Amino acid sequence: MISEGLAFVISRTTSCLLAGAIGLISVQSASAEEPAEPVAIYRIAFLIHPFCYRVPRPEGYDSSPETRLRWDQYVSYENRIAERWLEGIADLGPHEVLVICAGRLGCPPDLRAYAQKHLGHRAVVIEEYLDQSWDFSIDLSAQTKISIADELVAMYQRYGHDWSAQSLALPIATRGWVEHLHQEFKQRGLSFDPATVRVDAWGESFEGCVASYARYLGPYLGLARPIENDFQMTVPDAPFLLSAKFIDKIPLKRDVRLYFWELADGRLVAIFQKASATVSEPALFAQFPLDGLQVEIRDKSGLQIWPDKHPHPQGSVEEQIAQYNEGRSRKLADWEKKRRETDSTSVLVGNELRVPLAGWPDAASSYIFVRGSTPAVLRAILANAKLVEDSASR
C-alpha cells in the first residue's frame, strides 16, 4: 500500500487551485457499474481540494529564494499527507464512501483512478467550475434557490449593509455540493442516515477550505453530528504548523473543537474552531482566564495581533507573502478590516481573554501561542473556556 501510494504522489503532475467563489458545480460519475442492491452508508470521508501545491509556484511565492523554499516546504508536507489520504481511501470499508471535492482544475486523473480502483461506485467526485457571476439558475433546484434567498435575508437582518456578498460564496457552493451529492447517491443506490452517519473531512487547508466547507456541509446535509476536521489528514495554511507536534483535539459545547500543538521551541499553540455553522448565526468567542499565562494571539501567517499588533519583519518571507496576498484580498466587512488592519477583536474582559472563533463570515483564524506552560495546564484552562456570543464587532 505504501509503495503504491508513493508512486501515485511522485507521478502526480497537475491538481487544483484553491477555490472560494460561486459557480457551476458538476458531478462526475464513477465508471464502475452500479450495485444491484442498495447500500447503506455508515461513514463518509470528504477529501476537499487535494493537491493544491501541485501547480507552478504563484508569483507571491517565486519572488525570492526564501519564498520558493517556503513553497517547497508545503509541497513536501502535502506529499506526506497525501500518503495518508491514499491509505485512508484503501482502508474504507464496504459501507463507507469517499467524496472528492475538487478545485478549479478538476480531480487529478490519477486520484480518480486510484479511488475508483479501491471503491468503485463508492468513489464520488464533485468538480467546481468557478465563475464569478451570480447565476443562481445554473444547476440548482428551486428549493436550493429558496434556501439561498433565505440566507441573503438573514445576513441582511443581522449585518445590515456591513457585509460583503462574497461571504455567501462558500455556503452557496456548499449547497450545490449537497444537492448533487444527494442526486449521485440516489443514482448509485447509496443511502445514509443523517442521525447516525459518521463524516470526516480531509484535504486542504486545515483552517481554510476544509474547515469552512465542513462547517456548512454538516447542517446542509442535516447531520445530527458535526463533520470532524481531522488535522492529521489535512495540510494547514499556517507555516508554523508544518513542523509542529500535534497533541490533541477536544470536543466542546456548541460544536466547537479545540486543537493543540507543541512547537520545537517549546511554545504551545491552540485554536478554537466551529465545527458546524449557519450563515447568519452570531459571532462566537472563547473566553478564558489568563492565570499567569504568557499569551500571544497570531493569525495563520504568524502575525501577532494581540496584545499588540506587530508587523512581519521587513524583508521576511512572511512580509513578502503578506504583500502578495494583500493585493489579492477581497472586500471585507468593516469589523473584520478592524481586526486585520488596525487592532484585534481579541480583548481583555477583566482578567480573562476573549478570542473570536473562525466560523462566521470573513473571520480569520486566531491561534493562541503560550510560553512557559505545559500541555496539561493549558488544556485544563482552554477546555473550560466560556463560549459567548458578542455583537460588539458588528
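Here are a few things to note about the model shown:
- Set side by side, the residues Trp335, Trp306, Trp360 differ, and just one is of a type in the set (Phe, Trp, Tyr), open to solvent by less than 70 Å² (accessible area, probe 1.4 Å) and at pLDDT 80 or above, which is Trp306.
- Tally, over region 51-109, of residues that are within 20 Å of the chain's Cα centre (by Cα) and among the hydroxyl-bearing types (Ser, Thr, Tyr): 4
- The set of residues from region 210-237 being aliphatic (A, V, I, L, M), touching a Gly at 6+ places or on another chain (Cβ under 7 Å) and open to solvent by 10 Å² or more (accessible area, probe 1.4 Å) comprises just one member, Met233.
- Candidates Arg198, Arg188, Arg267, filtered to the one that is touching a Pro at 6+ places or on another chain (Cβ under 9 Å) and either in contact (Cβ under 8 Å) with a residue 60 or more places away in the chain or more than 16 Å from Arg43 (Cβ to Cβ) (or both): Arg188
- Looking at Arg175, Arg198, just one residue is farther than 24 Å from Tyr53 by Cα and modelled with pLDDT of 95 or more, and that residue is Arg198.
- Residues of region 238-272 satisfying the condition of being crowded, with 21+ Cβ neighbours inside 10 Å and modelled with pLDDT under 95: Ala238
- Residues (modelled with pLDDT of 90 or more and in a loop (DSSP other than H, G, I, E, B)) located in region 367-394: Gly372, Ser373, Thr374, Ala383, Asn384, Ala385
The values are calculated or read from the model by the stated rules, or taken from the named source; none is laboratory data. This one's a predicted model, so the numbers in the text were calculated from it and none came from an experiment. When we count neighbours, we look across all protein chains shown, and the Cβ atoms used for this are built from the backbone with ideal geometry, even at glycine. The protein model used for the area step is the full one, side chains on, heavy atoms only, and it has no ligands, DNA or RNA in it. Shrake-Rupley method; radii C 1.70, N 1.55, O 1.52, S 1.80 Å.
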